[in-house]
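S.K.: First the structure, which I've put down as structure tokens, then a few questions once you've had a look.
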Amino acid sequence: MKYDFSDRINKLPPYLFLEIDKKKKEAIKKGVKIIDFGVGDPDLPTPEFIRNKMKHAVDDPDNHGYPFGEGLLEFREAVAVWYKHRFEVDLDPEKEIHSLIGSKEGIGHLPLAFVNPGDGVLCPEPGYPVYNGSTIIAGGEPIFMPLVEKNRFLPSLESITPEAAAKAVIMFINYPNNPTGACADRAFYEDVVAFAREHNIIVAHDAAYSELYYGESKPMSFLEVPGAKDVGIEFHSLSKTYNMTGWRIGWVCGNADIIKGLSKVKGNVDSGAFNAVQVAAVEALNGPGKYTNEIRSVFRQRRDIMVKGLKELNMNIVAPEATFYLWVRVPEKYTSVVFAAKLLDEAGIIASPGNGFGPSGEGYIRFSLTVDRDEINEALQRMSNLEW
Ligand SMILES: *Cc1c(COP(=O)(O)O)cnc(C)c1O
């Protein structure tokens, strides 16, 4: 028998970190102690108070049935309170908040609700690959918006052609940004709202890193800008904020009609997030701020050690104000892939080549600070023995 993948699956881009993965396995086989700055999965455990709540919630038979798609009311209410407190934005838990099985799930399903064959979706590049992949799976065409340093890694709305603007039905944006670590300001979000209104485009803001900030000013919600709720939604996740990547819980909030569309897709493909996980998520959202402060302070320390160390190695780097990523220019004579391979071959260090996130990422590598301080120091030590 021969089974052909669908055209849409064949159109998905290849996995660009394949070569690095292969080298990683070879190095491990040879007994090299790898230091892995590759994947963005926190190495820290979920805080104990959340785990304890989960243990109790698992024993409660009320939590054993199918969850409701939109999520427990208790969960949506906790999100509304958290949102008001954090962003001064009012959300109606009945219509403007919907649970997700991790924000990736919502991002992955959104285009299926709004994209017809031939429609365009504006996707940042370099960027989280799911925007592009979910667009293709829905039969749409990704229209890439380059994020470059001279524009502070914000997409240039003026550079979007009238044809592209007319074709686009969704615009994905993501701040604090993976992979660049950049943050957006109010003026940018205001421009996005005006652009979306003018061209009748849904804005889908991915705020997965809103709580991993290190500067004085906290990242804002896209929904803080007047008119944002008329044109858009915002994705949030407990994964990065509370070290809960494996738990699969997040939410989408904002425009009720857009959420209704996404909810229709979800109603046909999933049955919601495990109620016990939602109960634990409520505990997390209501929990004392000291845990998120602690998580931030761990990543801040790591960031400071790594930035200082890389500067001493003459690397061109700016400390990010948010996220646990360092977006570092590779020395000029190397491409991203060649430099990443050099780090792995000569120092047992894994970092992601920037072009894996899109062509504008060429010339950069991304370090994910999801390894502990000792390993960071060890990595800096190993790098100091390299020549570049
Ligand atoms: C990690 C990540 C997410 C997804 O998180 P979930 O675990 O699915 O909630 C979404 N967007 C970006 C940019 C991420 O890096």
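S.K.: Report, by residue number, each residue of segment 341-388 that is among the aromatic types (F, W, Y) and touching a strand residue (DSSP E or B) at 6+ places or on another chain (Cβ under 9 Å).
M.R.: Passing the criteria: F357, Y364, F367.
S.K.: Tell me, please, whether a residue that is part of a helix (DSSP H, G or I), on the phi < 0 side of the Ramachandran plot and aliphatic (A, V, I, L, M) can be found in segment 55-64.
M.R.: Yes, the conditions are met somewhere in segment 55-64.
S.K.: What's the number of the condition G71 fails, among (1) away from the ligand (no atom under 16 Å from the Cβ); (2) buried (at least 20 other Cβ atoms within 10 Å of the Cβ); (3) assigned to a loop (DSSP other than H, G, I, E, B)?
M.R.: Failed condition: (1).
S.K.: Then there's this: With the requirement that a residue be in a loop (DSSP other than H, G, I, E, B) and in contact with an Asp or Glu (Cβ under 7 Å, 6 or more places away or on another chain), what does segment 320-364 give you?
M.R.: Within segment 320-364, T335, G358 meet the criteria.
S.K.: Please name all residue pairs, on different chains or six or more residues apart, with Cβ atoms under 7 Å, provided the first residue is in segment 246-268 and is farther than 17 Å from D90 by Cβ and the second residue is among the aromatic types (F, W, Y) and within 16 Å of the ligand (Cβ to nearest atom).
M.R.: Listed pairs, sorted by first residue: G250/F235.
S.K.: Does at least one position in segment 75-83 carry a residue that is within 16 Å of the ligand (Cβ to nearest atom) and crowded, with 20+ Cβ neighbours inside 10 Å?
M.R.: Yes, segment 75-83 contains a residue that is within 16 Å of the ligand (Cβ to nearest atom) and crowded, with 20+ Cβ neighbours inside 10 Å.
S.K.: Which of (1) closer than 29 Å to G246 by Cα; (2) surrounded by 18 or more Cβ atoms within 10 Å (Cβ to Cβ) is the odd one out, the single condition Y66 does not satisfy?
M.R.: (2)
S.K.: In addition: Within segment 248-259, restricting attention to residues that are more than 8 Å from the ligand (Cβ to nearest atom) and either among the aliphatic types (A, V, I, L, M) or surrounded by fewer than 24 Cβ atoms within 10 Å (Cβ to Cβ) (or both), which residue is farthest from P47 (Cα to Cα)?
M.R.: D257
S.K.: Pick out the one residue from V252, V277 that is touching a Phe, Trp or Tyr at 6+ places or on another chain (Cβ under 7 Å), assigned to a helix (DSSP H, G or I), assigned by TED's automatic domain parsing to the domain that holds C123 and closer than 30 Å to P61 by Cβ.
M.R.: Checking each option against the conditions leaves just V277.
S.K.: While we're on this one: Assess whether E94 counts as being part of a loop (DSSP other than H, G, I, E, B), surrounded by 12 or more Cβ atoms within 10 Å (Cβ to Cβ), under 22 Å from the mean Cα position of the chain (by Cα) and acidic (D, E).
M.R.: So E94 does not fit the description; no.
S.K.: Right, A208: in contact with a Pro (Cβ under 9 Å, 6 or more places away or on another chain) and buried (at least 19 other Cβ atoms within 10 Å of the Cβ) or not?
M.R.: yes
S.K.: Moving to a separate point now. Go through (1) under 19 Å from L369 (Cα atoms); (2) assigned to a helix (DSSP H, G or I); (3) not assigned by TED's automatic domain parsing to the domain that holds R366 one by one and return the number of the condition N243 breaks.
M.R.: With respect to (1) under 19 Å from L369 (Cα atoms); (2) assigned to a helix (DSSP H, G or I); (3) not assigned by TED's automatic domain parsing to the domain that holds R366, N243 is out only on (2).
S.K.: Among the candidates L212, L223, L238, L262, which residue alone is within 13 Å of the ligand (Cβ to nearest atom), among the aliphatic types (A, V, I, L, M) and closer than 19 Å to F75 by Cβ?
M.R.: L238
The values are calculated or read from the model by the stated rules, or taken from the named source; none is laboratory data. For clarity, every value in this text was computed on a predicted model and none was experimentally measured. Glycine also receives a Cβ, built like all others from the backbone with ideal geometry; neighbour counts cover every protein chain displayed.
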